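For reference, the structure is listed below as structure tokens.
The values are calculated or read from the model by the stated rules, or taken from the named source; none is laboratory data. Fair warning: this is a prediction, and the values are worked out from it, not measured in the lab. No Cβ is skipped: glycine too gets one built from the backbone with ideal geometry, and neighbour counts run over all protein chains shown.
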Amino acid sequence: MASVASITRLVLGKGVLNTGRIASANTGFIKFYSTAPQYENIKIDVVGSKKNVGLIQLNRPKALNALCNALFKELGQAVDDFDADEKIAAIIITGSEKAFAAGADIKEMQDNSYSSNNRQGFLKDWESVSNCGKPVIAAVNGFALGGGCELAMMCDIIYAGEKAKFGQPEINIGTIPGAGGTQRLPRYVGKSKAMEIVLTGNFVDANEAERMGLVSRVFPVEKLLEETIKLAERIGTHSPLIVKLAKQSVNQAYETTLKSGLQFEKSLFYGTFATEDRKEGMTAFIEKRAPNFKNN
């Protein structure tokens with residue numbers, strides 16, 4: 001059996017294992033925009049029964065969706081555009097059946113230096129996903145390694161196909177995670193497990209990732225995108241304003257003490273009583289009917 005290090009070199013170094021095309025069974029009901037000249041490394045579409053879900057597919061199949069600078073610039077632009085679109089309730093980021101993203105582009109960063117990283121703000125383009133106000137869901141099939149795992153953790157919810165593999169194998173190439181891997185992973189899985197993953201470079205399969213709390217749910221490969229869209233559509237039935245406030249409140253739990261977090265939560269909770277959507281939601285509940293929130 002190949003060692004973790006050798007697998008990492010194969011997956012992250014060469015990046016030419018497979019075209020990584022999503023199986024037709026997985027996306028047969030979706031027609032990605034084929035004419036988006038501004039995007040060379042991603043594909044986008046608007047999906048769901050109400051056409052209120054923004055779908056972004058990473059699209060560097062020969063490199064297993066390695067996260068080059070150009071890809072992340074495009075990804076950030078697509079996320080920002082969907083975030084600003086009032087018709088979009090939630091955003092999904094996915095890759096191929098072979099790889100969600102097999103890490104940052106090592107060839108691109110090979111000649112970076114300490115001073116150039118500081119001068120250029122290396123990885124600054126990676127912030128749009130975590131800064132998005134709307135819910136962002138990662139639909140992970142195949143490899144989510146290094147930067148790919150970090151990208152998934154930038155999202156609010158992770159759904160995984162049963163063959164997905166997660167890991168932070170940067171230790172094998174003489175560096176450490178640099179886009180949140182050492183900070184978000186312990187918050188998901190705890191210090192001991194995060195240390196094991198980061199210090200060994202070992203991969204974690206989808207079922208173990210679910211047991212650890214890294215992944216919300218695991219599905220058959222061919223069902224993953226369908227189930228992720230269902231989740232996004234379910235979120236889209238609620239008030240966009242209240243969804244945004246709820247996301248802010250949950251995220252605050254990772255940024256502060258319990259006492260401060262409880263105060264933040266209560267402040268937002270009080271604030272919902274100044275909204276029409278809160279009034280409509282409670283009225284609809286009492287009247288035993290479906291609520292009619294704004295912008296649904």
inquiry  = Of everything in the stretch 187-219, what is in a loop (DSSP other than H, G, I, E, B), of a type outside the set (S, T, N, Q) and in contact with a helix residue (DSSP H, G or I) (Cβ under 6 Å, 6 or more places away or on another chain)? Give them in sequence order.
reply    = Gly201, Gly213, Leu214, Val215
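Quick check on my filter: what residues within the stretch 130-153 are in a helix (DSSP H, G or I) and either among the small types (Gly, Ala, Ser) or over 18 Å from Tyr188 (Cβ atoms) (or both)?
At the first step, the residues of the stretch 130-153 found to be in a helix (DSSP H, G or I) are 130-131, 147-153.
Those that are in a helix (DSSP H, G or I) and either among the small types (Gly, Ala, Ser) or over 18 Å from Tyr188 (Cβ atoms) (or both): Ser130, Asn131, Gly147, Gly148, Ala152.
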ask   = Under 7 Å by Cβ, and 6 or more places apart or on different chains, what pairs join a residue from the stretch 275-292 that is over 19 Å from Ala246 (Cα atoms) with one that is of a type in the set (Gly, Ala, Ser) and surrounded by 14 or more Cβ atoms within 10 Å (Cβ to Cβ)?
value = Ala290/Ala284
inquiry  = So, Glu233, is that one of a type outside the set (Phe, Trp, Tyr), surrounded by fewer than 17 Cβ atoms within 10 Å (Cβ to Cβ) and either under 23 Å from the mean Cα position of the chain (by Cα) or not assigned by TED's automatic domain parsing to the domain that holds Ala144 (or both) or not?
reply    = no
task = Report whether or not Thr283 is under 21 Å from the mean Cα position of the chain (by Cα) and either in a helix (DSSP H, G or I) or surrounded by 13 or more Cβ atoms within 10 Å (Cβ to Cβ) (or both).
result = no
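One line per residue, one yes/no per condition, for (1) modelled with pLDDT of 95 or more; (2) acidic (Asp, Glu):
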site: Glu227; (1), (2): yes, yes
site: Leu231; (1), (2): yes, no
site: His238; (1), (2): yes, no
site: Val250; (1), (2): yes, no
site: Leu268; (1), (2): yes, no
site: Ala290; (1), (2): no, no
site: Asn295; (1), (2): no, no
remark   = Result of the Cβ filter at 6 Å on the stretch 166-195, keeping first residues that are within 19 Å of Ser130 (Cα to Cα) and not assigned by TED's automatic domain parsing to the domain that holds Ala138 and partners that are modelled with pLDDT under 95 and surrounded by fewer than 16 Cβ atoms within 10 Å (Cβ to Cβ), at least 6 apart or interchain, is none
Selection count where residues are among the polar types (S, T, N, Q) and under 23 Å from Pro61 (Cβ atoms), scope the stretch 99-127 = 1
query = Can you tell me which residue in the stretch 158-186 is surrounded by the most Cβ atoms within 10 Å (Cβ to Cβ), limited to those that are modelled with pLDDT of 95 or more, in contact with a Phe, Trp or Tyr (Cβ under 9 Å, 6 or more places away or on another chain) and assigned to a loop (DSSP other than H, G, I, E, B)?
reply = Ala164
inquiry  = For the structure I just gave you, tell me whether Ile92 is under 29 Å from Leu245 (Cβ atoms), touching a Leu at 6+ places or on another chain (Cβ under 7 Å) and at pLDDT 95 or above.
reply    = yes
message = As an exercise: evaluate Glu222 against (1) outside the structural domain of Asp83 (by TED's automatic domain parsing); (2) in a helix (DSSP H, G or I) and give the number of the one condition it does not meet.
response = (1)
